[in-house]
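Here the structure is laid out as structure tokens; the discussion comes afterwards.
The values are calculated or read from the model by the stated rules, or taken from the named source; none is laboratory data. Predicted model, so just to flag it, every value in this text is computed and none were measured. We place every Cβ from the backbone using ideal geometry, glycine too, and count neighbours over all the protein chains shown.
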Amino acid sequence: MRNPRNTRKGNKLFLKIREFVRKISYGRVTTYGTIARKFGLSDARVVGWALRGKTDPEIPCHRVVKSDRSIAVNSSDGDWKEQKMNLEAEEVKFIGPSKLRLEDYFWNN
């Protein structure tokens with residue numbers, strides 16, 4: 001899929017994705033793919049592109065993880081260690097250095 005970031009349609013979509021992510025509850029996570037499906041997207045990378053360009057620090061991007069339950073290496077909140085630290089501060093437990101128990105914390109609004 002072509003990166004829609006520079007199109008008017010892409011910009012509106014990105015704003016909607018960011019507002020959706022804002023609703024993810026404290027101590028919960030969802031996946032890029034889950035969000036993509038909510039918006040009828042076949043490519044979860046679009047969600048990553050939308051979050052990477054966010055400027056509002058109130059959008060909890062650290063609550064979005066990959067479908068394999070791991071933290072993305074290049075998250076919008078810095079590196080994966082910072083994302084892990086933010087999730088651990090919300091009492092999310094990990095089963096490895098960068099993987100979490102998705103079934104325990106999954107948010108699917």
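For region 56-104, filtered to residues that are assigned to a strand (DSSP E or B), closer than 20 Å to TYR26 by Cβ and more than 9 Å from the chain's Cα centre (by Cα), the residue that is modelled with the highest pLDDT is PHE94. Scanning region 40-55 for residues that are outside any helix (DSSP H, G or I) and out of contact with any Cys (no Cβ under 9 Å at 6 or more places or on another chain) returns GLY40, LEU41, SER42, ASP43, ALA44, GLY53, THR55. Going through (1) at negative phi; (2) crowded, with 19+ Cβ neighbours inside 10 Å; (3) basic (Lys, Arg) one by one, ARG69 falls short only on (1).
Annotation: of all residues in region 77-99 being touching a Leu at 6+ places or on another chain (Cβ under 8 Å) and either among the small types (Gly, Ala, Ser) or surrounded by 15 or more Cβ atoms within 10 Å (Cβ to Cβ) (or both), the one that is farthest from VAL21 (Cα to Cα) is PHE94. Of GLY27, GLY53, all but one fail to be over 9 Å from the mean Cα position of the chain (by Cα) and under 15 Å from LEU100 (Cβ atoms); the exception is GLY27. Of the residues examined, PHE39 is one that is under 24 Å from ASN11 (Cα atoms), over 11 Å from the mean Cα position of the chain (by Cα) and not small (Gly, Ala, Ser). Considering every residue within region 2-9, establish whether at least one is buried (at least 17 other Cβ atoms within 10 Å of the Cβ), of a type outside the set (S, T, N, Q) and at pLDDT below 90. The answer is yes; a qualifying residue exists. Being assigned to a loop (DSSP other than H, G, I, E, B) and either of a type in the set (Phe, Trp, Tyr) or in contact (Cβ under 8 Å) with a residue 24 or more places away in the chain (or both) is a description that applies to GLY27.
Would you check if GLU58 is in contact with a Lys or Arg (Cβ under 9 Å, 6 or more places away or on another chain), surrounded by fewer than 18 Cβ atoms within 10 Å (Cβ to Cβ) and not basic (Lys, Arg)? Yes.
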